[in-house]
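Structure first, commentary second.
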Amino acid sequence: MGRVALVTGGTRGIGAAISIALKDAGYTVAANYAGNDEAAAKFKSETGIAVYKWSVADYDACVAGVAQVEADLGPVEVLVNNAGITRDAMFHKMTKENWDAVINTNLSGVFNMTHPVWSGMRDRKFGRVINISSINGQKGQAGQVNYSASKAGDIGFTRALAQEGARAGITVNAICPGYIGTEMVRAIDEEVLKSRILPQIPVGRLGEPEEIARCVVFLAADDAGFITGSTISANGGQFFS
Ligand code: CAA
């Protein structure tokens with residue numbers, strides 16, 4: 001049995017591609033999801049990957065969920081913090097609920113999931129934490145003050161924790177996807193996508209979830225131990241940082 005990898009939001013979109021790629025690379029994978037039972041059941045029957053339901057926004061649920069995964073599969077050695085949501089609105093129309101929901105899931109969720117696995121990784125002197133941030137955390141995006149702030153926060157979290165984990169054999173890295181062809185991006189108004197977003201992508205297309213998953217497999221590997229605190233951009237040339 002390979003190392004155990006836990007992928008949050010791991011049954012749909014980019015997360016599903018990550019779960020599958022890690023399984024194909026030999027990891028024992030647990031895919032967490034928060035709400036869509038139907039998609040999770042379908043994912044499980046198609047891939048054979050174990051699925052676990054809890055919200056990353058709920059710290060106690062994360063502690064319990066990690067304990068369950070570890071009891072079933074063994075210690076979590078690779079954590080992929082992928083779960084994320086959008087509540088897009090121009091700032092003057094953004095509600096406190098829009099703000100809280102996105103920060104609680106996309107930023108506090110990374111704390112809530114990493115904290116329960118951290119001591120075990122330190123004790124075992126090995127760990128991989130891979131945070132899925134976003135191009136919009138790097139460059140900012142109108143209509144996404146909440147999301148951009150949360151994803152920029154994920155990069156700061158990554159850089160700080162990488163320094164703490166380094167001596168313990170734990171790497172902490174971020175991946176910043178550009179616009180990937182998932183439900184989240186396809187939910188953008190088609191006119192906005194065509195007229196404002198696609199023209200900004202030099203490769204002229206949306207990315208594929210598998211193009212992010214391959215970055216995760218690269219960072220998760222045992223021989224990626226010298227790469228920590230870094231940010232990999234996979235955005236079709238849309239933004240260089
Ligand atoms: N910069 C500056 N002003 C902008 C702007 C921009 N990029 N986009 C829109 N505006 C302006 C418009 O010109 C308009 O101005 P006026 O009222 O003076 O005409 C005003 O803002 C309102 O624009 P909309 O008509 O689009 O407003 P809306 O309320 O219908 O929609 C929105 C607002 C939902 C934020 C919509 O603009 C939108 O969906 N934008 C795209 C946001 C985006 O890129 N989201 C990414 C989602 S995918 C993702 O997040 C994954 C990832 O990691 C990449």
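Assorted remarks:
- Of all residues in the range 149-167, those being within 12 Å of the ligand (Cβ to nearest atom) and either part of a loop (DSSP other than H, G, I, E, B) or buried (at least 21 other Cβ atoms within 10 Å of the Cβ) (or both) number 3.
- Condition met for I175 (out of contact with any Pro (no Cβ under 6 Å at 6 or more places or on another chain) and either modelled with pLDDT of 95 or more or open to solvent by 60 Å² or more (accessible area, probe 1.4 Å) (or both)): yes
- Evaluated against (1) of a type in the set (A, V, I, L, M, F, W, C); (2) open to solvent by 20 Å² or more (accessible area, probe 1.4 Å); (3) farther than 28 Å from D88 by Cα, I170 falls short on exactly one condition, (2).
- S134 being surrounded by 22 or more Cβ atoms within 10 Å (Cβ to Cβ) and under 16 Å from V102 (Cβ atoms): yes
- Test: residue in the range 186-199 that is over 22 Å from R87 (Cα atoms) and either touching a residue at least 40 places away in the same chain (Cβ under 8 Å) or surrounded by fewer than 16 Cβ atoms within 10 Å (Cβ to Cβ) (or both): yes
- Under the condition of being under 23 Å from A40 (Cβ atoms) and open to solvent by 60 Å² or more (accessible area, probe 1.4 Å), the residues counted in the range 76-111 number 2.
- Any hit, the range 190-206, residues being basic (K, R), away from the ligand (no atom under 16 Å from the Cβ) and part of a helix (DSSP H, G or I): no
- Restricting the range 24-48 to residues that are among the acidic types (D, E) and more than 20 Å from A5 (Cβ to Cβ), the residue that is most open to solvent (accessible area, probe 1.4 Å): E38
- Look at the range 115-138: where a residue is among the hydroxyl-bearing types (S, T, Y) and within 16 Å of the ligand (Cβ to nearest atom) and a partner is open to solvent by 10 Å² or more (accessible area, probe 1.4 Å) and in a strand (DSSP E or B), sitting 6+ places away or on another chain with Cβ atoms under 8 Å, you get S133/T231.
- Evaluation of G120 against (1) outside any loop (DSSP other than H, G, I, E, B); (2) within 25 Å of S233 (Cα to Cα) (one fails), failing number: (2)
- Breaking point among (1) under 18 Å from F240 (Cα atoms); (2) touching a residue at least 12 places away in the same chain (Cβ under 8 Å), for G156: (2)
- Scan of the range 62-108 for residues that are within 13 Å of the ligand (Cβ to nearest atom) and aromatic (F, W, Y), ordered by number: F91
- Looking at the range 1-117, the strands (runs of 3 or more DSSP E) lying wholly inside it that each contain 2 or more residues that are of a type outside the set (V, I, T) and within 23 Å of S134 (Cα to Cα) sit at 4-7, 28-33, 76-81.
The values are calculated or read from the model by the stated rules, or taken from the named source; none is laboratory data. Quick caveat: nothing in here was measured; it's all calculated off a predicted structure. FYI the Cβ positions are ideal-geometry reconstructions off the backbone, even for glycines, and counts take in every protein chain you see. SASA here: full protein model, heavy atoms, side chains in, ligands and nucleic acids out. Shrake-Rupley method; radii C 1.70, N 1.55, O 1.52, S 1.80 Å.
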